[in-house]
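**Student:** Okay, handing you the structure first.
The values are calculated or read from the model by the stated rules, or taken from the named source; none is laboratory data. Computed from a prediction, not measured in an experiment: that's the story for all the values here. So basically every Cβ, Gly included, is an ideal-geometry build from the backbone, and we count neighbours across all protein chains shown.
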Number of protein chains: 2
Amino acid sequence: MAQILKGKEVAEALVETMKKDLEALKAGGLAPTLGIIRLGERDDDLSYERGVKKRCDSAGIAVRQYVLPADASQAQLLDVVREVNNDRGLHGVLLFRPLPRHIDDAVIRGALLPEKDIDGITDGSLAGVFANISLGFPPCTAEACMAILAHYGIDPAGKRVTVVGRSLVIGRPLAMMLMHKNATVTIAHTKTRDLPSVTREAEIVVAAAGVPEIAGAEYFREGQVVIDVGIHVKEDGSLCGDVKFSEAEPLVKAITPVPGGVGTVTTCVILRHLIEAARKAAV
Amino acid sequence: MAQILKGKEVAEALVETMKKDLEALKAGGLAPTLGIIRLGERDDDLSYERGVKKRCDSAGIAVRQYVLPADASQAQLLDVVREVNNDRGLHGVLLFRPLPRHIDDAVIRGALLPEKDIDGITDGSLAGVFANISLGFPPCTAEACMAILAHYGIDPAGKRVTVVGRSLVIGRPLAMMLMHKNATVTIAHTKTRDLPSVTREAEIVVAAAGVPEIAGAEYFREGQVVIDVGIHVKEDGSLCGDVKFSEAEPLVKAITPVPGGVGTVTTCVILRHLIEAARKAAV
């Protein structure tokens, strides 16, 4: 029986710390405020937005929404980005992506100030996580994984870690963050040969492939810690991760559930970044 | 007996291609020009500068030197960086580092335009190599390693690669470049446990630890390709790499010598970047 690394516990601990930070900021006359920029009405975006707003409401954080039609022009979107950049009362920005095809993602990302980029999408934030310098913010999901390891006292230092997936929103930045914590990291991906042998040699496995239940029993061995970043809707409407939980759980030492694992922590990290951004802006 | 991956062959091939590119640019009225910014008279800097100037002279590339005293102020250095940024007749810049302690490296790097950063030191270049987007340039030594592999027909795709060393000038960017070419990359470093076992499991080993002859026979096995990035002066005045060549060479399939390996290719890469920068500036 593996230890279940529940996101809820981690999120609650983060919320406790945030409450104190927030009170301290408000006592100093500063009200951290989040901006959400959305184009159109995609279901994914709306559901994510609801989750973020709910958390902000319960934490007492103000949210300003900037909603444009799905066919808004690049110039219109740029105007909004510039507006939030210049608004000193707005501390962090969530920009929902992917953007429609008629808009150049690189131009929009390039326009956003790294210090307001609490979701880690700008080149500045990428350089920050790569170079391990204080510039922008790392992607929230990557940081959520780090927060889970930290909460449960799992120190990556000196450990072999295999990260499956090399995306810019999770695999690559998380590999860097684990390396900055002195893990020996291997980045596996679609072109990796004999993937199960590469995950089996690791002490910590992060599954961020974006493929439902790709990792079955053959990927794991006893003693491992498994962080499952995937979240997918199955045909019967239930949710699953990148890992076949029923096969991995009996083998490994500890594993995050889906749902109730990484995803539960991610929205907390956004708020933590917002509070950090507000604090830095106040200095 | 291992195949010796000689840098000279690679450099000669690169120079041939560059000659054609340079002729084409000059025929169009464009004369690629390199700027070198140096503070003080450190032996390392002077010797590197001589090497670069020699290559530029023989290729017919103009060099402009900006030499400041070792105790120049940060403001003075910033003025020089702004001057080269604004000079449309100057296409790429080499800024010798480490800078003296009284100067904030991040401020200077932040001031240089990524499109003139042919040595890959700006945050823009770091984001470029991390995200695999066209922004700035990768560090020259990292690209020299890739050029050696390409020249000798060694395709990293699908191969296990261990990079020993995680510095921002070589280990980390090279790991990303190998990953972009579909290698399965492990980044090892000073906190890695049982380093010899981590290098033995790889098909390509890159030694970029910066420690003289750290990697002896126990680090290698037959069939491997070894790229030795280190270059160190021994007590007797001779040069050596990070690898104990006499122990590794009889075991492995192919290996770069020191001297005559990676270092020989690096200055060529600088010029290739300069020509690329000039071409992009002309568009």
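**Student:** If residue B:194 satisfies every condition in (1) among the charged types (D, E, K, R); (2) in contact with a strand residue (DSSP E or B) (Cβ under 7 Å, 6 or more places away or on another chain); (3) under 21 Å from residue A:179 (Cα atoms) but one, which is the exception?
**Tutor:** Of the numbered conditions (1) among the charged types (D, E, K, R); (2) in contact with a strand residue (DSSP E or B) (Cβ under 7 Å, 6 or more places away or on another chain); (3) under 21 Å from residue A:179 (Cα atoms), the odd one out for residue B:194 is (2).
**Student:** Only residues that are within 23 Å of residue B:264 (Cβ to Cβ) and surrounded by fewer than 16 Cβ atoms within 10 Å (Cβ to Cβ): list them for the stretch B:22-44, please. It would help to see each step written out before you state the result.
**Tutor:** So the first thing to find is which residues in the stretch B:22-44 are within 23 Å of residue B:264 (Cβ to Cβ), and the list is B:22, B:32, B:34, B:36, B:38, B:42-44.
Hits for the stretch B:22-44 are B:42, B:43, B:44.
**Student:** Another question, then. Name the single residue that is farthest from the other protein chains (Cβ to nearest Cβ) among those in the stretch B:126-165 being buried (at least 24 other Cβ atoms within 10 Å of the Cβ) and without any contact (Cβ under 8 Å) to a residue 24 or more places away in the chain.
**Tutor:** Here the residue is B:136.
**Student:** For the stretch A:187-197, state whether one or more residues are in contact with a helix residue (DSSP H, G or I) (Cβ under 8 Å, 6 or more places away or on another chain), in contact (Cβ under 8 Å) with a residue 12 or more places away in the chain and more than 10 Å from chain B (Cβ to nearest Cβ).
**Tutor:** Yes - at least one qualifying residue is present in the stretch A:187-197.
**Student:** For residue A:120, are the conditions met, namely being buried (at least 24 other Cβ atoms within 10 Å of the Cβ), modelled with pLDDT of 95 or more and either out of contact with any strand residue (DSSP E or B) (no Cβ under 8 Å at 6 or more places or on another chain) or assigned to a helix (DSSP H, G or I) (or both)?
**Tutor:** Values: buried (at least 24 other Cβ atoms within 10 Å of the Cβ): yes; modelled with pLDDT of 95 or more: yes; either out of contact with any strand residue (DSSP E or B) (no Cβ under 8 Å at 6 or more places or on another chain) or assigned to a helix (DSSP H, G or I) (or both): yes.
Considered against the rule, which asks whether it is buried (at least 24 other Cβ atoms within 10 Å of the Cβ), modelled with pLDDT of 95 or more and either out of contact with any strand residue (DSSP E or B) (no Cβ under 8 Å at 6 or more places or on another chain) or assigned to a helix (DSSP H, G or I) (or both), residue A:120 comes out as yes.
**Student:** On the basis of being of a type in the set (D, E, K, R), more than 30 Å from residue B:27 (Cα to Cα) and away from chain A (no Cβ under 13 Å), does residue B:228 make the cut? Break it down into steps so the answer makes sense when it comes.
**Tutor:** On the way: of a type in the set (D, E, K, R): yes; more than 30 Å from residue B:27 (Cα to Cα): yes; away from chain A (no Cβ under 13 Å): yes.
Yes: the conditions hold for residue B:228.
**Student:** Going through the stretch A:33-64 one residue at a time, which ones are within 27 Å of residue A:75 (Cα to Cα), in contact with a Ser or Thr (Cβ under 7 Å, 6 or more places away or on another chain) and at pLDDT below 90?
**Tutor:** none
**Student:** So residue B:168 passes all but one of these: (1) under 19 Å from residue A:178 (Cβ atoms); (2) in contact with a strand residue (DSSP E or B) (Cβ under 8 Å, 6 or more places away or on another chain). Which condition number does it fail?
**Tutor:** Of the numbered conditions (1) under 19 Å from residue A:178 (Cβ atoms); (2) in contact with a strand residue (DSSP E or B) (Cβ under 8 Å, 6 or more places away or on another chain), the odd one out for residue B:168 is (2).
**Student:** Give me the residue from the stretch B:217-241 that is small (Gly, Ala, Ser) and within 19 Å of the chain's Cα centre (by Cα) and, out of that set, nearest to residue B:141 (Cα to Cα).
**Tutor:** Filtering the stretch B:217-241 for residues small (Gly, Ala, Ser) gives B:217, B:223, B:230, B:237-238, B:241.
With the extra rule that they be within 19 Å of the chain's Cα centre (by Cα), the set shrinks to B:230, B:241.
On the way: B:230: 10, B:241: 14 Å.
Top of the filtered list is B:230.
**Student:** Please state which of the following conditions residue B:105 fails to meet, knowing it meets all the rest: (1) touching a residue at least 12 places away in the same chain (Cβ under 8 Å); (2) more than 9 Å from every other protein chain (Cβ to nearest Cβ); (3) under 24 Å from residue B:48 (Cα atoms).
**Tutor:** The single condition residue B:105 does not satisfy is (1).
**Student:** On the given criteria, is residue B:126 under 20 Å from the mean Cα position of the chain (by Cα), within 30 Å of residue B:227 (Cα to Cα) and part of a strand (DSSP E or B)? Before you say what the answer is, go through the steps one by one.
**Tutor:** Numbers: under 20 Å from the mean Cα position of the chain (by Cα): yes; within 30 Å of residue B:227 (Cα to Cα): yes; part of a strand (DSSP E or B): no.
In short, no.
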